[in-house]
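Here's the structure we're looking at; comments come further down.
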Amino acid sequence: MTSIGTGYDLTNSVFSPDGRNFQVEYAVKAVENGGTSIGIRCKDGVVLAVEKVISSKLLKPGANKRIATIDRHMGAVSSGLVPDGRHFVSRARDEASSWRKVYKTPITTADLASRMGGYLQAYTLYSSVRPFGITAIVGGWDSELELPVDGQVGSGPSIGAGGKVEGKKYGGPGLYMIEPSGLYWGYYGAATGKGRQTAKAELEKLDLAAGKLSLEDGVKEAARIIYVAHADNKDKEFELEMTWISNLDGPTKGRHEEVPKEILEEAERLAKKALEGDDDEEETKEDDKPAEEDKMEE
Amino acid sequence: MNHLPQAWGRPRDDVYGAYDSSYLQSHGPNQHTQQPIVTGTSVIALKFQDGVVIAADNLASYGSLARFTDVKRLRKFAGTSVVGFGGDVSDMQYLDRLLNSLDIEEAYSSSGHSLNAKNLHTYLSKVFYKRRSDFNPLWNQVLVVGLDDDKKPFLASADLLGTTFSAPSLATGFGAHLAQPLLRKVAPDEETASKLSKEQALAAVKESMKVLFYRDARSLDKYSIAIITADGIDLKEDEKLENQSWAFADQIRGYGTQVN
Amino acid sequence: MAAMFSQNPLMNGPNYSFNQTPTTAAGDNKEHSFYPYTDNGGSTLAISGVDFTIIAGDTRSTSGYNINTRYAPKVFKIGGTTSSQEDATLVLSVVGFAADGEALKERLDAIVKMYRYQHGKPMSVKACAQRLSTILYGKRFFPYYVTAILGGLDEEGKGAIYSYDPVGSYEREQCRAAGAAASLIMPFLDNQVNFKNQYMPGSGVGHALQEREKIPLPRSEVEDLVKDAFDSAVERHIEVGDGLQMMIITKDGIEEIYKPLKRD
C-alpha cells in the first residue's frame, strides 16, 4: 500500500498529499473482513439480513443479536467491528428518541441516515478519535398514513384549514447505507462486509428499482443472497439473522421485528435448495474479483 | 414611534403601559404546577370474567368552558393495556409520550415479553410519587387496565400524590361519587366480578356513563370505551350515549330557575 | 385548601360564570396550593406475647368520605428473599398517607434484604427498628406521613413491637394502636392487655388497692382481642372497616389471617 512509510496514515484527520484519509480507508478494511450484511427495499417493506459468523462453538445459537431496533419502525445492521456497531446503534437510538422529543413524531429513515452520517463523519475530523470500523445499513418504514403527533388527543378538522388532504401520499420504505467516512446513500438494495460483491451482483439481478418485489419474496431473496455470499467465507460456520419492517397492513404493521421462526426456516430451506441447484456456477464467481476493490488497495 | 428592534411587534408602551415581562423571568424560585388547567372529568372501569371495561368521555374542559370536545382520554399502551386519564390534559399528553418512549425502549431487546398492565401501573405510580415529592406534580388520576402476570384481569388507580389502589370497580373524579356506587352494586367483590359476563359489565359501564352525563356539568355525551381481554384491546373512541331519558329533570327543585 | 381546587382568574386560572372572588387580595404573595399529603384512613394494631407477635390492620382505603377500595393491605412482611416473602421474619405496618407508606415499606424491605444478603442472616428486630428510625428521621423536613409499627421476635425469641411517630421517634412496647381509630383502640388495649385500672377484688380502697397481677396473654386470647378491638372501631369510626388482616409472627414463621369486617 502506498500509505506505508509515508506517515500520512499514522493519525486520523490528516490528508495525504494526494487527498486521501488513510485512517478512513483502514476502517473500510475492517468492514471488509466482517460478516456480510444486506438490506432489501421491497414495495411493501424492508428486509435486513446478516451472516453472523460463529466464532466459537460455545456461543449460544440465536443469542447475541446483530440486528438492532432503533425505533419502532426502524432497524440497523452493520458489518465490521461489532462494538463499533453497538455504539452506532446506541447513538441512533438517542437520535431517534431526541427527534421524537423535539418533533413529537417518529424520525424518518432519511433523517436518521443524515444524522448518523454526520455523526460518523465527525469521527474523521479529529486526531483524538478513530473512524468507525463499520458500514451500517439502516432500514425503516415511514408510515404511509398522516400520523398524529405523539400524545395527540383529538382528530383535528376533517376538512379545510389544518384538515386532511385527500389522496396525499406519505412515507414508504427507506434503506440507507452509512460508511466509515460518513458517506451515506439511499439504496434499493444494499450490501456490505466480506461477501458484498457477490451479494451486490445478486441484488442487481432482482431489478429492485422496478418496485415490484414483495416483502415476502424479499425475505426469501435475502436469505438466499446471504447463503450465496457466504461462499466468500466458506471455512467459517454462520447463522442467518433476519428482521423486517412491513407496511401498516403487512405482517409487522409498520414495526421493526425479527422475521418469525417458521418464515425464516422456510427461507433458509429454499436458500439451501437454490444453492445446491447451481453449486458449480458459484465456483467460477468466486475467482473473478471485481476491479473496484483492487483500486482501493493500491 | 419607537424604532428599536426590541419594541417591534409589541403593544405601545404609551397606550398599554410597560410590557409585563415578569412571567418570562428566569431567575427566582422554580415555578411548578399549582393547579390543573385543561381538564378531563371522570374515568370509570369495571372488571369482568375475562377482562376489564373502561370508559371516559371525550371532553376537555377549561374551567367551566367545554373547550375541546374531541379528546381521547383512553390511551393504548404496548397493545396490552389501556390507561384512562382524568385531570390535566397536558400532563396526560406528557405521560402518553413517556409511556411511548418506555415501550420503544422495551422493544430494543428482542426478548419477546412486553410490559403488562400491572408493570405499567407500578411504573406510573412511581412517576407520580417522584413528581409529587419534587413538589412538581403531574395533575392526574389514572386508571390502568389490562392483565396481570397470571393473565387475570387487572384494574388499578394511581394519582398525582402517588396514591395507588385496586378494586373490582373504580371511578375517578365525579365518577367516584356517582358511578362507583352503581358499579359496586354489580360487582361488590372480586368473586362476583370474576363471574360477570362481558355484556353485563358493558351495560353497567354504559349506564354509569349516562348517569354521569345527567349530573356532571363537566361531561359530554360523546365518549370512548375499551374492552381489554387476553385477545387484545377493543377500543372505540367515538361512541354516543344511547337511550337518554331526562324525565327525572322536571322533578328537580332547589336551584336554577325553579327555586322551590 | 380552597385554593387547591379554585380555578379563579385572579388566582391564575380560567373563569367561572358564577362569583368566586378570592378572599385574599390580589397582588399578595400567593402561597403554593399543592399539598403533597392526603389521609387514607384506616387503623393498625400490634400486640406482643411471650413467644409471638400479632400485627393487624383493617384493609379499607379512603379519601374523604369515599372508599377507594375495600382491600388495600397496611401490614407487610419485610426482608424475605423471594417475591412471596415466605422466609421473612419481620412485619411492618403503616397507616396514614398510603403512598408514603408504600414508599417506606419498599425502602425498608430493600435495606433489610441487602443486610440479609451481605451478612448471611436475617436482620434482628432491634437492628431493623433502629434502621427504620434513621430512615424516618432522614426525611425529618419532608416526612413520610405515616405511623409505623415494626414487629418480630427478639434475640430471646420473645415477641417484640416497636412503634414510631412520622419522624422516627420510637419505643419498644407491649402493644400499640395507630391510625384513625388509635384513640378508640388504645384505651381498650391498656385495660385488656396491660390490665390498667384493674384491681384485686376486695383489696381495699385508695392506696390499699392492689393492681391485678400482670400475666402475659396466650395467642388465642390476643387474636380475640384484636378482632374485638377492630369490630368496635368499625362500629364508631367511618374510615375503618371492610377487612381485617392479621400477621402472627412465631418461631415457625409468619402466619397471615384475613377476616371480613363490616363494610358499611
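The values are calculated or read from the model by the stated rules, or taken from the named source; none is laboratory data. None of these values were measured; they are calculated from a predicted model. Virtual Cβ from ideal backbone geometry, glycine too; neighbours counted across all protein chains shown. Note: areas computed on protein heavy atoms with side chains; ligands, DNA, RNA excluded. Shrake-Rupley method; radii C 1.70, N 1.55, O 1.52, S 1.80 Å.
Observations on the model:
- In summary, A:Met242 fulfils each of the numbered conditions (1) outside any helix (DSSP H, G or I); (2) more than 14 Å from chain B (Cβ to nearest Cβ); (3) crowded, with 17+ Cβ neighbours inside 10 Å with the single exception of condition (2).
- Check on A:Ala92, of a type in the set (Gly, Ala, Ser) and open to solvent by less than 20 Å² (accessible area, probe 1.4 Å): yes
- Selected residue [open to solvent by 10 Å² or more (accessible area, probe 1.4 Å), modelled with pLDDT of 95 or more and either closer than 27 Å to B:Ile37 by Cβ or touching a Ser or Thr at 6+ places or on another chain (Cβ under 7 Å) (or both)] from C:Arg70, C:Arg107: C:Arg70
- Tallying residues that are among the aliphatic types (A, V, I, L, M) and open to solvent by 40 Å² or more (accessible area, probe 1.4 Å) within the range A:28-59 yields 4.
- Residue within the range A:94-108 that is within 16 Å of the chain's Cα centre (by Cα) and more than 14 Å from chain B (Cβ to nearest Cβ) present: yes
- Residues (of a type outside the set (Gly, Ala, Ser) and assigned to a loop (DSSP other than H, G, I, E, B)) located in the range C:222-253: C:His237, C:Ile238, C:Glu239, C:Val240, C:Asp242, C:Lys251, C:Asp252
- Any hit, the range A:61-80, residues being over 15 Å from A:Leu120 (Cα atoms), free of Cβ contacts under 8 Å to residues at least 24 places away in the same chain and part of a loop (DSSP other than H, G, I, E, B): yes
- The set of residues from the range C:88-97 being in contact with a Ser or Thr (Cβ under 8 Å, 6 or more places away or on another chain) and without any contact (Cβ under 8 Å) to a residue 60 or more places away in the chain comprises just one member, C:Val94.
- Per-region count, the range C:217-230, residues surrounded by 14 or more Cβ atoms within 10 Å (Cβ to Cβ) and either more than 21 Å from C:Val50 (Cα to Cα) or in contact (Cβ under 8 Å) with a residue 40 or more places away in the chain (or both): 8
- Identification of strands (runs of 3 or more DSSP E) wholly contained in the range B:56-107 with 1 or more residues that are within 14 Å of chain C (Cβ to nearest Cβ), open to solvent by 20 Å² or more (accessible area, probe 1.4 Å) and among the charged types (D, E, K, R) yields B:65-68.
- The listed residue being buried (at least 19 other Cβ atoms within 10 Å of the Cβ), more than 19 Å from the chain's Cα centre (by Cα) and either part of a loop (DSSP other than H, G, I, E, B) or away from chain B (no Cβ under 14 Å) (or both), out of C:Gly57, C:Gly80: C:Gly80
- Scanning the range A:121-137 for residues that are over 25 Å from A:Trp244 (Cβ atoms) and not in a loop (DSSP other than H, G, I, E, B), we see that the one that is farthest from the chain's Cα centre (by Cα) is A:Ala122.
- Taking residues in the range A:112-134 that are modelled with pLDDT of 95 or more and among the aromatic types (Phe, Trp, Tyr), and partners anywhere that are open to solvent by 50 Å² or more (accessible area, probe 1.4 Å) and part of a helix (DSSP H, G or I), the pairs with Cβ atoms closer than 8 Å and at least 6 places apart or on different chains are A:Tyr119/A:Arg91; A:Phe132/A:His87.
- Number of the exception - A:Gln23 against (1) within 14 Å of another protein chain (Cβ to nearest Cβ); (2) modelled with pLDDT of 95 or more; (3) outside any strand (DSSP E or B): (1)
- All conditions in (1) modelled with pLDDT under 95; (2) open to solvent by 90 Å² or more (accessible area, probe 1.4 Å); (3) assigned to a loop (DSSP other than H, G, I, E, B) hold for C:His207, with the sole exception of (3).
- Sole exception among (1) under 22 Å from C:Gly96 (Cβ atoms); (2) exposed (fewer than 15 other Cβ atoms within 10 Å of the Cβ); (3) free of Cβ contacts under 8 Å to residues at least 24 places away in the same chain; (4) of a type in the set (A, V, I, L, M) for C:Met186, by number: (2)
- Condition met for B:Lys126 (over 19 Å from B:Gly84 (Cα atoms) and at pLDDT 95 or above): no
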